[in-house]
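**Student:** Below are the structure tokens for one structure; questions will follow.
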Amino acid sequence: MPSLVYADSEGRIYDLPGLKMAGRSGRVLHPVDLKDLIPLPQGSELFVLPDRLPVGWDQDQDDMVVLDKDPVNAEGNVSAVAAFMAPAYTQTALAAFYRSSLDIPILPLFTYTAVGWWKGRFWAAGFRSDLDTRQDFCNFRPQEVRKKTIAMLKKKKENRLIQHLGKCSLTYGCPAAKNLFLGRWEAPLPTSPVCNAACLGCISLQSEGIPPASQDRITFIPTTEEVADVAVPHLKRAKRPVVSFGQGCEGEPLLQAKLLERSIIKIREETNKGTINLNTNASLPGKVENLIYAGLDSMRISINSTREKYYHAYFRPKGYDQTDVLASWRIMKKAGRFVSLNLFVLPGLTDEMAEIDRLSDLIEELGLDLIQLRNHNIDPDWYLDGIDYKYTGHRTGIKGMITILKKRFPQLRFGYFNPYLRSD
Ligand code: SF4
């Protein structure tokens, strides 16, 4: 079994062979299962968690142990360590830590996955959930990204959307923006500075500033010409091209539905290639209908939980509720379009039977093509407190959840990315 890892007061990471790596589901600490572990994927990051003490598993005593002193330097403090896995990998257990007190700073909007040390390397609790390599670390050569981004920024000085995405590529390191400038796979089309929800873990706007938003929100509404000027060349030149409205650097795209409608029509006037996708909170079913007529191919609905209580506590919707979201889902499926869920995976909540049963009822009623197993980028304690989470018992594990859903819905796909849908 991998050993516990901890960080000293300088942030240097050590292993502690006497204690085994542990994990967490919801609020429950537990040993991790070897079958749930993989070598830490290339392109992942390691985080030292301030004011949080590492918790390991004492295999002999079969007990959880909090490490509150540095075994090497008794004067020194220790901190817990977590992994932020690379895209296309889904977590099965959160990092095991103990909060030194309740009024400590909230962790920024990243995922904090269990990690340990074994056989000379780091191991994380997760699995590869999508074989598509569009965001694999090894596929991005920084110099090439920089050169091609700057070249297009110079060529399209007048296009504000290109200039915005240039910052996403060079400053935020957004893989989708990089792929736009590299002319391949999925490219982003952000359009909306505003949103009709106030998600607890919104990565583009945090009103109180704590935790900080991960990137700034777009500040303008592009024109149809600017959108088409990004989308059409990409759809024509890229391999397996997808263009997606609804990105981490904007609010809700459905609030710009007229622009999306005009843009889709203009794009389809110029090319029939590729997939036009919408990542959305699906709050406005009427607008969705118009986009279907315009030619929208697929829709990805963001959701933290299918249970209404947790959905509303997290999304804090303004002027809509979950029934509107389900109505958008129904309209897309009735029109025979492709629908996926952007399921924010949090071990302990996502794999509770109550969640799986509610999700199954919705799939039964509405139909579904794909579940994208995205790790929830949020401080787990802050999140569970924020939605007033109550454990209902009986967890299956994330892999167990997938096994159950596959048995109930053999046609249902699982992955991480918006698929390319066309045969061209
Ligand atoms: S729906 Fe998206 S943009 Fe709107 S608050 Fe939630 S995360 Fe932020």
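The values are calculated or read from the model by the stated rules, or taken from the named source; none is laboratory data. Bear in mind that the values here come from a model prediction, so they are computed numbers and not experimental data. Neighbour counts run over all protein chains shown; Cβ positions are idealised from the backbone, glycine included. Surface accessibility is based on the protein's heavy atoms, side chains included, excluding ligands, DNA and RNA. Shrake-Rupley method; radii C 1.70, N 1.55, O 1.52, S 1.80 Å.
**Student:** Confirm whether Ala176 is outside the structural domain of Ser204 (by TED's automatic domain parsing), surrounded by 17 or more Cβ atoms within 10 Å (Cβ to Cβ), in contact with a strand residue (DSSP E or B) (Cβ under 8 Å, 6 or more places away or on another chain) and of a type in the set (A, V, I, L, M, F, W, C).
**Tutor:** It is false that Ala176 is outside the structural domain of Ser204 (by TED's automatic domain parsing), surrounded by 17 or more Cβ atoms within 10 Å (Cβ to Cβ), in contact with a strand residue (DSSP E or B) (Cβ under 8 Å, 6 or more places away or on another chain) and of a type in the set (A, V, I, L, M, F, W, C).
**Student:** Given the residues Gly251, Gly246, which is the only one that is touching a helix residue (DSSP H, G or I) at 6+ places or on another chain (Cβ under 8 Å) and within 16 Å of the ligand (Cβ to nearest atom)?
**Tutor:** Result: Gly246 is the single residue among Gly251, Gly246 that is touching a helix residue (DSSP H, G or I) at 6+ places or on another chain (Cβ under 8 Å) and within 16 Å of the ligand (Cβ to nearest atom).
**Student:** Helices (runs of 4 or more DSSP H) wholly in region 331-424 with at least 1 residues that are touching a helix residue (DSSP H, G or I) at 6+ places or on another chain (Cβ under 6 Å) - which ones?
**Tutor:** 353-366, 398-408
**Student:** Within region 53-76, is there a residue that is part of a loop (DSSP other than H, G, I, E, B), under 26 Å from Trp382 (Cα atoms) and in contact with a Ser or Thr (Cβ under 6 Å, 6 or more places away or on another chain)? Before you say what the answer is, go through the steps one by one.
**Tutor:** First pass over region 53-76, keeping only residues part of a loop (DSSP other than H, G, I, E, B): 59-62, 67-76.
Subsequent filtering for residues that are under 26 Å from Trp382 (Cα atoms) retains 67-69.
Within this subset, residues satisfying the condition of being in contact with a Ser or Thr (Cβ under 6 Å, 6 or more places away or on another chain) are none.
Taking every residue of region 53-76 in turn, none turns out to be part of a loop (DSSP other than H, G, I, E, B), under 26 Å from Trp382 (Cα atoms) and in contact with a Ser or Thr (Cβ under 6 Å, 6 or more places away or on another chain).
**Student:** Now for a separate question. I'm trying to understand the selection: among the residues of region 299-309, which are open to solvent by less than 10 Å² (accessible area, probe 1.4 Å) and out of contact with any Leu (no Cβ under 6 Å at 6 or more places or on another chain)?
**Tutor:** Of everything in region 299-309, those that are open to solvent by less than 10 Å² (accessible area, probe 1.4 Å) and out of contact with any Leu (no Cβ under 6 Å at 6 or more places or on another chain) turn out to be Asn304, Ser305.
**Student:** Tell me whether region 373-383 contains one or more residues that are on the phi > 0 side of the Ramachandran plot and open to solvent by less than 50 Å² (accessible area, probe 1.4 Å).
**Tutor:** Within region 373-383 (the criterion being on the phi > 0 side of the Ramachandran plot and open to solvent by less than 50 Å² (accessible area, probe 1.4 Å)), the answer is no, since none of the residues qualifies.
**Student:** Still on this model: What are the pairs, 6+ residues apart or on separate chains, where a residue within region 186-214 that is more than 22 Å from Leu259 (Cβ to Cβ) has its Cβ under 7 Å from a residue that is near the ligand (Cβ under 9 Å from one of its atoms) and open to solvent by less than 20 Å² (accessible area, probe 1.4 Å)?
**Tutor:** Listed by first residue and then by second, the contacts come to Cys199/Tyr314; Cys199/Phe315; Leu200/Tyr314; Ala213/Ser204.
Listed here are the residues, each with its yes/no results for (1) touching a strand residue (DSSP E or B) at 6+ places or on another chain (Cβ under 8 Å); (2) within 30 Å of Tyr112 (Cα to Cα).
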| residue | (1), (2) |
| --- | --- |
| Tyr172 | no, yes |
| Leu189 | yes, yes |
| Leu200 | no, yes |
| Ala213 | no, yes |
| Asp216 | no, yes |
| Asp229 | no, no |
| Leu235 | yes, no |
| Pro241 | yes, no |
| Phe245 | yes, yes |
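**Student:** For region 272-293, name all the residues that are surrounded by fewer than 24 Cβ atoms within 10 Å (Cβ to Cβ) and away from the ligand (no atom under 16 Å from the Cβ).
**Tutor:** Selection gives Asn272, Lys273, Thr275, Gly286, Glu289, Asn290, Ile292, Tyr293.
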